[in-house]
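First comes the structure, then the notes that go with it.
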Amino acid sequence: NWHNTYEEYFKPININKNLMVVPEWYKIKDNSMEYIRIIPGMAFGTGNHETTQLIISNLENYIYKGCTVLDLGSGSGILSIAALKYGASEITAVEYDKDCKDNFLENFQLNNISNNYTLLFEDVLSFKDYNYDLIIANINKNIILELLPRIKKYRTNQSKIILSGLLVNDRNDVINVIKKLKFNLLEEFIKGEWICFIID
C-alpha cells in the first residue's frame, strides 16, 4: 500500500509545452515532448516544488547551444539534466550532501546522460570558479546572500544567474544585496509563495 501511495503522489509535471518531468515508472504517451525522468529519492528535486519549476521554466530562455552551466546545490540533478536537454555543452554540479550522490547518478543514467557533466561535493560558499555562461542556485536566502558577494568577487565574465529557493517574503533582502553589489535585475517570477530572480 505504501508503494502504491508513493507512486500515486508523484505525478507528471508539465513545465511548458515542450518539457515534462515524470517519475521513473511513467509510461511515455506523447513522443513530441521532451522528458526528464526522475527517481524520487532523498535528494531535493523531483519537479514538484515551485522553485524547481520556476528555474526549469526559465532555463529555455537563457541557455543556448554550447553554453556552460554551474548548478549550485544540485540535489537530485534535475536542473542540470534540464540544462543539458536545452542544449548546454557542459555542467558543473556542486552539492554539499554526499547522500545525494546515488540519486544524482541514477537520474543521469535514467536520462541517458553519461558525459558532459562534473559532480563535485563541497560547500558552495567555498567554491571560487564562477566563470560559466549561466549560474543556477536553488538554495535558500541565507546561503544566497552569502553567495552573491563571492560570485561578484571571483567571476570575470558577465554570466547570467538564476536564483530561487527564495520565499516572496525574502524579496526585499535579496533585492537590497543585488543592488548593493551592482548586479542587474533582469526578471523576476513568482509561483505560489516562492520567487525566482534572474540577474547578471
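The values are calculated or read from the model by the stated rules, or taken from the named source; none is laboratory data. Values in this document were obtained by computation on a predicted structure and should not be read as measured data. Heads up, the Cβs are rebuilt from the backbone with ideal geometry, glycines too, and the neighbour counts pull from every protein chain shown. All accessible areas refer to the heavy atoms of the entire protein, side chains included, with ligands and DNA or RNA removed. Shrake-Rupley method; radii C 1.70, N 1.55, O 1.52, S 1.80 Å.
Quick check: at a probe of 1.4 Å, how many percent of the accessible area of region 90-200 sits on carbon and sulfur atoms? Present the calculation step by step, with values, prior to reporting the outcome.
Working: 2520 of 5770 Å².
Of all accessible area on region 90-200, carbon and sulfur atoms account for 44 percent.
Exactly which chymotrypsin sites (Phe, Trp or Tyr not before Pro) in region 38-136 are in a DSSP loop and have at most 15 other Cβ atoms within 10 Å?
Working: sites: Phe44, Tyr62, Tyr64, Tyr86, Tyr96, Phe104, Phe108, Tyr117, Phe121, Phe127, Tyr130, Tyr132; in loops: Phe44, Tyr64, Tyr86, Tyr96, Phe127, Tyr130, Tyr132.
Filter output for region 38-136: Tyr64.
List the equivalent ellipsoid semi-axes of the chain in whole Å, largest first, each obtained as the square root of 5λ for an eigenvalue λ of the Cα gyration tensor. Each step should come with its number before you reach the end.
Details: eigenvalues 148, 65, 54 Å².
Equivalent-ellipsoid dimensions as semi-axes: 27, 18, 16 Å.
Roughly speaking, what % of Cα-Cα pairs in region 85-136 are separated by over 15 Å, rounded to a whole number?
Numbers: 687 of 1326 pairs.
That tail contains 52 percent of the Cα-Cα pairs.
Once you keep just the Cα pairs under 8 angstrom separated by 6 or more residues, what percentage relative contact order results for the chain? Display every interim value, and only then the final one.
On the way: 379 pairs, mean separation 34.6, N = 200.
Result for the chain is 17 percent.
Filter the cross-link list Lys98/Lys182; Lys101/Lys152; Lys27/Lys141; Lys98/Lys191; Lys17/Lys153; Lys128/Lys179 down to pairs whose alpha-carbon distance in this structure exceeds 27 Å. Don't skip to the answer; put the middle values down first.
Working: Lys98/Lys182 34 Å; Lys101/Lys152 29 Å; Lys27/Lys141 37 Å; Lys98/Lys191 29 Å; Lys17/Lys153 38 Å; Lys128/Lys179 22 Å.
As for pairs spanning more than 27 Å Cα to Cα, those are Lys98/Lys182; Lys101/Lys152; Lys27/Lys141; Lys98/Lys191; Lys17/Lys153.
Translational diffusion coefficient, Stokes-Einstein: compute it for region 120-198 using the Kirkwood radius over C-alpha pairs as Rh, at 25 °C and 0.890 mPa s, and state it as an integer in µm² s⁻¹.
Estimated diffusion coefficient is 191 µm²/s.
Which residue fluctuates most in the GNM of the chain (Cα springs below 10 Å): Ile162, Ile151, Ile81?
Ile151
Let's see if you can work this out: charge +1 on each Lys and Arg Cβ, -1 on each Asp and Glu Cβ, no other charges. What is the dipole magnitude of the chain about its Cα centre, in debye to the nearest 20?
Numbers: 21 positive and 25 negative charges, 125 e Å.
Computed about the Cα centre, the dipole is about 600 debye.
Across the chain, where is the longest run that never hits trypsin sites (Lys or Arg not before Pro) in a DSSP loop with at most 12 other C-beta atoms within 10 Å? Mind dumping the intermediate values first?
Numbers: sites that count: Lys17, Lys27, Lys29, Lys65, Lys128, Lys182.
Counting at most 12 other Cβ atoms within 10 Å as exposed, the longest clean stretch of the chain is 66-127.
What is the Cα radius of gyration of region 34-101 over 2.2 N^0.38 Å, N being its residue count? Don't jump to the answer; show the numbers that get you there.
Values: Rg = 11.5 Å, N = 68, 2.2 N^0.38 = 10.9 Å.
Its radius of gyration relative to the 2.2 N^0.38 Å reference: 1.05.
Can you give me the accessible area per residue for the chain, using a 1.4 Å probe, in Å²? Write out the running numbers ahead of the final one.
On the way: 10140 Å² over 200 residues.
Using a 1.4 Å probe on heavy atoms only, each residue of the chain averages 51 Å².
Full-extension gain between Met33 and Glu187, please, as 0.36 nm times their residue separation minus the C-alpha to C-alpha distance.
Values: separation 154, 0.36 × 154 = 55.44 nm, distance 2.66 nm.
Here the segment from Met33 to Glu187 would lengthen by 52.8 nm.
Excluding Leu54 itself, what net charge comes from residues whose Cβ is under 14 Å from its Cβ, given Lys and Arg +1 and Asp and Glu -1? Present the calculation step by step, with values, prior to reporting the outcome.
Values: positive: Arg171, Lys191; negative: Glu50, Glu60, Asp170, Glu187, Glu188, Glu193.
For residues surrounding Leu54, the net value is -4.
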